[in-house]
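A quick write-up on the structure given underneath.
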Amino acid sequence: MFIQQLEGSWFKHPFWRKKFVLIDPRQLRDLQCSDIDGVIIDTEKGRDVVVEASEVPLERPVPRVLRPARFQQHSLGPVRTLPSAPAQPTAPFAPAVRREFGKALRVVGRTEMAVSRVFLESRLGKAVNVKRVEPVVEEVFQSLQENPHAFGGLMRCRDGVPTVYRHAMAVSALMISLAMRMKLAPREIRLAGMAGLMMDIGLGHLPESIQCPDGPLTTDARQDPHHIVLGYDILRAAEGLPEEIMQVCLNHHERMDGSGYPAGLGAASIDRFSRMAGICDSFDNLISFDGNGEALDPARALQVLADAQAQYDTDILAAFIESVGTYPVGSVVELRSGHLAMVVNGDPDGTDLPIVRTFYDLLSQRRVQGETVNLRHCYGQDRIVGIGNLSGLELDNMEALREAVMAEALKA
């Protein structure tokens, strides 16, 4: 059966997509038990429900609308699950991977426009429109489904000053990836993504002396507790926003050891989504350039989080590191061959064998024409020996360098 559309809020059903082929009886049961207003199916693209002859109209409309009470009276009949194709090894940035990154880049552009519009309307005093935000989270999720490292990697490898909007998108992607790694239910994954997107909406309402929404996400703005209360009040005024998301806005700066703010809560009082958000938010802040031009390498930022693990839920932190990899996309690493390289795509089967792009020869102390290396399939000819040390090297602008290296990898 081809589901053309599920009517009603996405918080009322357990499916990520509103348009998909339903072939699993368990999906049918989930659909029947959901609280949606109706289902629209396309009988030209899939099977119809089993109906009595007297119910069949002379000219059946396509698509067809099913309402819950009527839908539960019918069954799909026998169904079969389509076999999945065996996984095939791929070369570094094979055409399929390039397409995934290309799609992710387009998603980045669309979601940044949508998020900036929501934040701008909020600054103008309009209530947050939940239905406008839902597709943003869904698009990010779909991108992560195709390649779990593409969207977040592109966010880390784009030149320019990070904005409140880009931080919201990055944290949303990190929250979705973490929720998937933790094997949370579909509704919980949605909530995690929405919470990451909306929890810092109060930053756009701070005085311009502290924060310009279109400029750097400064340290002063990040640490100003007023944005928490402002954000909570804004989200509370929105219709249809779950309480869990408002709690994340209120608690994502709280820490397990009680050192956080605004209330100094301890571990027993911090909900799971807020614990997740605290890690994702801290990571993106550590790797983002602020008004002082300071940012950590993504791999080194993970070390900082690990060193401060008393502040975080250790199980969730371990899952977070697994979700982004020991060497996240954008990390600079030193190879056994004597080259510096940037991680340009994660390893789907592990955390220590990503795809990298070389850009600097430590022996000759010069920038070199890069080579893309899949460390999982290079038969041990090269490997990572540690995080790259860039001190003393003539590499002025790391933001521009990351974007350039990523562009080279995608073209090669």
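The values are calculated or read from the model by the stated rules, or taken from the named source; none is laboratory data. What you are looking at is a predicted structure, and each value in this text was computed from that prediction instead of being measured. Here the Cβ positions follow ideal geometry from the backbone for every residue, glycine too, while neighbour counts run over all protein chains shown.
Asp281 falls short of the stated requirement of being of a type in the set (D, E, K, R), without any contact (Cβ under 8 Å) to a residue 12 or more places away in the chain and part of a helix (DSSP H, G or I).
Please go through region 326-347 and pick out each residue that is within 16 Å of Leu296 (Cβ to Cβ) and either of a type in the set (Val, Ile, Thr) or out of contact with any helix residue (DSSP H, G or I) (no Cβ under 8 Å at 6 or more places or on another chain) (or both). Explain how you work it out, then say what you get.
Just the residues of region 326-347 that are within 16 Å of Leu296 (Cβ to Cβ), to begin with: 326-333, 342-343.
Result: Thr326, Val329, Val332, Val333, Val343.
Taking Ala341, is it hydrophobic (A, V, I, L, M, F, W, C), in contact with a Ser or Thr (Cβ under 6 Å, 6 or more places away or on another chain), modelled with pLDDT of 95 or more and not in a helix (DSSP H, G or I)?
Values: hydrophobic (A, V, I, L, M, F, W, C): yes; in contact with a Ser or Thr (Cβ under 6 Å, 6 or more places away or on another chain): yes; modelled with pLDDT of 95 or more: yes; not in a helix (DSSP H, G or I): yes.
So Ala341 passes the test.
Within region 244-266, identify whether any single residue is without any contact (Cβ under 8 Å) to a residue 60 or more places away in the chain and in contact with a Lys or Arg (Cβ under 7 Å, 6 or more places away or on another chain), and answer yes or no. Taking every residue of region 244-266 in turn, at least one turns out to be without any contact (Cβ under 8 Å) to a residue 60 or more places away in the chain and in contact with a Lys or Arg (Cβ under 7 Å, 6 or more places away or on another chain).
Can you work out which of the residues in region 357-380 that are touching a Lys or Arg at 6+ places or on another chain (Cβ under 9 Å) and surrounded by fewer than 18 Cβ atoms within 10 Å (Cβ to Cβ) is nearest to Met155 (Cα to Cα)?
My answer is Glu371.
Residues in region 288-309 that are exposed (fewer than 13 other Cβ atoms within 10 Å of the Cβ) and modelled with pLDDT under 95: Asn292, Gly293, Glu294.
Could you say whether any residue in region 352-362 is more than 24 Å from Asp281 (Cα to Cα), aromatic (Phe, Trp, Tyr) and not in a loop (DSSP other than H, G, I, E, B)? Yes, region 352-362 contains a residue that is more than 24 Å from Asp281 (Cα to Cα), aromatic (Phe, Trp, Tyr) and not in a loop (DSSP other than H, G, I, E, B). Please work out if Leu144 is of a type in the set (A, V, I, L, M, F, W, C), at pLDDT 90 or above and in a helix (DSSP H, G or I). Judged against the criteria, Leu144 is a match.
Do we find that Val136 is farther than 21 Å from Ser282 by Cβ and in contact with a Gly (Cβ under 9 Å, 6 or more places away or on another chain) in this structure?
Values: farther than 21 Å from Ser282 by Cβ: yes; in contact with a Gly (Cβ under 9 Å, 6 or more places away or on another chain): yes.
Judged against the criteria, Val136 is a match.
Could you identify the single residue in Arg110, Arg99 that is surrounded by fewer than 17 Cβ atoms within 10 Å (Cβ to Cβ), without any contact (Cβ under 8 Å) to a residue 12 or more places away in the chain and assigned to a helix (DSSP H, G or I)?
Selected residue: Arg99, the only one of Arg110, Arg99 that is surrounded by fewer than 17 Cβ atoms within 10 Å (Cβ to Cβ), without any contact (Cβ under 8 Å) to a residue 12 or more places away in the chain and assigned to a helix (DSSP H, G or I).
Here are Arg366, Arg300: which of them is of a type in the set (Lys, Arg) and in the same structural domain as Tyr165 (by TED's automatic domain parsing)?
Details: Arg366 fails: in the same structural domain as Tyr165 (by TED's automatic domain parsing).
Of Arg366, Arg300, the one residue that is of a type in the set (Lys, Arg) and in the same structural domain as Tyr165 (by TED's automatic domain parsing) is Arg300.
With respect to (1) modelled with pLDDT under 95; (2) out of contact with any Pro (no Cβ under 8 Å at 6 or more places or on another chain); (3) over 19 Å from Val107 (Cα atoms), the lone exception for Arg187 is condition (2).
Just one of the numbered conditions (1) modelled with pLDDT under 95; (2) surrounded by fewer than 22 Cβ atoms within 10 Å (Cβ to Cβ) is not true of Arg156: (2). Taking region 284-326, which residues are among the β-branched types (Val, Ile, Thr) and either farther than 23 Å from Leu390 by Cα or not in a loop (DSSP other than H, G, I, E, B) (or both)? The answer is Ile287, Val304, Thr314, Ile316, Ile321, Val324.
For Gly380, are the conditions met, namely being in contact with an Asp or Glu (Cβ under 6 Å, 6 or more places away or on another chain) and either more than 12 Å from Pro92 (Cβ to Cβ) or of a type outside the set (Val, Ile, Thr) (or both)?
Numbers: in contact with an Asp or Glu (Cβ under 6 Å, 6 or more places away or on another chain): no; either more than 12 Å from Pro92 (Cβ to Cβ) or of a type outside the set (Val, Ile, Thr) (or both): yes.
So Gly380 does not fit the description; no.
I'm trying to understand the selection: among the residues of region 222-232, which are of a type outside the set (Phe, Trp, Tyr), part of a helix (DSSP H, G or I) and either surrounded by 15 or more Cβ atoms within 10 Å (Cβ to Cβ) or without any contact (Cβ under 8 Å) to a residue 12 or more places away in the chain (or both)? Let's see the steps before the verdict.
Keep residues of region 222-232 that are of a type outside the set (Phe, Trp, Tyr), which gives 222-231.
Applying the additional criterion that residues be part of a helix (DSSP H, G or I) yields 222-223, 226-231.
Listed by number, the residues that qualify are Arg222, Gln223, His226, His227, Ile228, Leu230, Gly231.
Here is the figure for region 193-219: residues that are acidic (Asp, Glu), at pLDDT below 85 and closer than 19 Å to Val171 by Cα total 1. Among the conditions (1) at pLDDT 90 or above; (2) over 29 Å from Phe151 (Cα atoms); (3) touching a Leu at 6+ places or on another chain (Cβ under 9 Å), the only one that Tyr261 does not satisfy is (3).
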